Amino acid sequence: MASIKDVASEAGLSVATVSRVLNDHPSVSEDARGRVLAAVQTLGYRPNAVARSLRTDQTRTLGLVISDVMNPYFTELARSVEEEARALGYSVIIGNADERPELQDHHVTTLLDRRIDGLLVSPTDGGSPRMLDAARAGTPMVFVDRWIPGVDVPVVRSDGQTAVRDLVAHLHRLGHRRLAIIAGPAATTTGRERVDAFRAALREHGLELPAAYIGQGDFQADSGRRVTEGFLDLAEPPEVVFAADNLMALGALDAVRARGLRVPDDIALAAFDDIPWFVHTDPPVTAIAQPTGALGRAAVRALVDRIEGRPGESVTLPARLVVRRSCGEPVPPQSPSPVRRSTP
């Protein structure tokens, strides 16, 4: 492997000049810059990123701590974060908190020990001590999807309230009056916000949300299954189950099928966080879609702004309702197949 001394020898320049070129120092002549870059190309030289970080106090690396890597929403979010970071000249190290605060703190500590330049976090369970300490100590940080009230960190998230209102209006038009929700953890902002938005939307139509129709989930499929089983055991089960995330919706679908029931004939199902799988279920699931890719890209740009000394701004993007057929929507008529005439 070529060293910086090899590059200097190939270019016929000093090691100091080569170092200035590689660090983009303005005092280098164009001739020297051209000779160094040509030598780098010829020798296939790659600068030592660790050594460079010690000199510049930057690693060009971002940390991303997500709540659950098994959730397709966060998988898509991580992909968009990595793509945008790469476009801006940064690499990303990802940690999966698995909805556990202690694991979140483990990843935050590990990432900071690796001298990342900034941190993107989707806080689990209202935050964790190490993460909160890092935010308050001024570590460049951006919250994405979820946030912690009272912590002065930019937040990049979607506004689901309008989409939830659209969903409830859609269900009301279909004739549904008994609507239940599988809620996310009350310690998370998204868990609380989606329940509040659902209750407020029901009231707009003169409907209440009884305590029996609020099931406490944890954004995992098993909780969606458990809560739905409880709904089905009620003397008056709900007509619609709204799952506050996609994994809980899949658990709800499993519970309905395990009883020998059908969606939407026996009970309707809707979900927050649309995923590609929902078009392939039987029936396809009506869901609220977040602009996941745009959220990931905006979060990276906000974090890089903070790292590079610019004010990182909070960003809120709208979610939208995607109507399919899991709530008793009419099946769209199919165009008749063209009649093929046989030739004599």
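Miscellaneous remarks
- Net charge of Cβ neighbours under 12 Å - reference residue 146; Lys, Arg +1; Asp, Glu -1: -3
- Selection from 122, 287, 32, by position along the positive dipole direction of the chain (Cβ): 32
- Each Lys or Arg adds one and each Asp or Glu takes one away; over the other residues whose Cβ falls under 13 Å from the Cβ of residue 280, this sums to 0.
- Remark on residue 90: its backbone amide H falls under 5 Å from none of the residues 5 or more positions apart or on other chains, H modelled at 1.01 Å from N.
- Cα gyration tensor category, rounded, prolate or oblate, for region 68-149 with a/c compared to 1.5: oblate
- Solvent-accessible area, 1.4 Å probe, carbon plus sulfur percent, for region 221-280: 49
- What you get for the chain, charging only the Cβ of Lys and Arg (+1) and of Asp and Glu (-1), is a dipole of about 780 debye around the Cα centre.
- Each pair of Cα atoms in the chain enters the Kirkwood radius, and Stokes-Einstein at 37 °C and 0.692 mPa s then converts it into a translational diffusion coefficient of 143 µm²/s.
- Percent accessible area from carbon and sulfur atoms, region 4-47, protein chains only, probe 1.4 Å: 50
- When the charge dipole of the chain is built from unit charges on Cβ atoms (+1 for Lys and Arg, -1 for Asp and Glu) and taken about the Cα centre, the candidate among 93, 186, 263 whose Cα reaches farthest toward its positive end is 93.
- The phi-based Karplus calculation (6.51 cos²θ - 1.76 cosθ + 1.60; θ = phi - 60°) puts the 3J(HN,Hα) values of region 58-64 at 9, 10, 6, 10, 10, x, 10 Hz, whole numbers, x for Gly and Pro.
- Residues whose amide H falls under 5 Å from that of residue 159, counting only those 5 or more places apart or on a different chain, are 317, 319, with hydrogens built in the peptide plane.
- Less than 5 angstrom separates the built amide H of residue 271 from those of 243, 287, 288, all sequence-distant by 5 or more or on a different chain.
- Residue among 22, 303, 77 with the largest mean-square fluctuation in a Gaussian network model of the chain, springs linking Cα atoms under 10 Å: 22
- Surface composition of region 144-203: carbon plus sulfur atoms hold 45% of the accessible area, using a 1.4 angstrom probe and ignoring ligands, DNA and RNA.
- Sorting 234-247, 257-270 by average packing, meaning the other beta carbons within 10 Å per residue, from highest down gives 234-247, 257-270.
- ³J(HN,Hα), Karplus 6.51/-1.76/1.60, whole Hz, each residue of region 243-256, x for Gly, Pro: 8, 7, 7, 5, 5, 5, 5, 5, x, 5, 4, 4, 5, 5
- For the chain, accessible area per residue (1.4 Å probe, heavy atoms of protein chains only), Å²: 49
- Tilt relative to the chain, helix 72-87 - C-alpha long axis, 0 to 90 degrees, to 10: 20
- Ellipticity at 222 nm from helices only: DSSP H runs of n ≥ 4 in the chain, each -39500 (n - 2.57), divided by the residue count, give -13000 deg cm²/dmol.
The values are calculated or read from the model by the stated rules, or taken from the named source; none is laboratory data. For clarity, every value in this text was computed on a predicted model and none was experimentally measured. Using ideal geometry, Cβ is built from the backbone for each residue, glycine included, and neighbour counts are taken over all protein chains shown. Side chains are part of the model used for accessible areas, which takes the heavy atoms of the whole protein and leaves out ligands, DNA and RNA. Shrake-Rupley method; radii C 1.70, N 1.55, O 1.52, S 1.80 Å.
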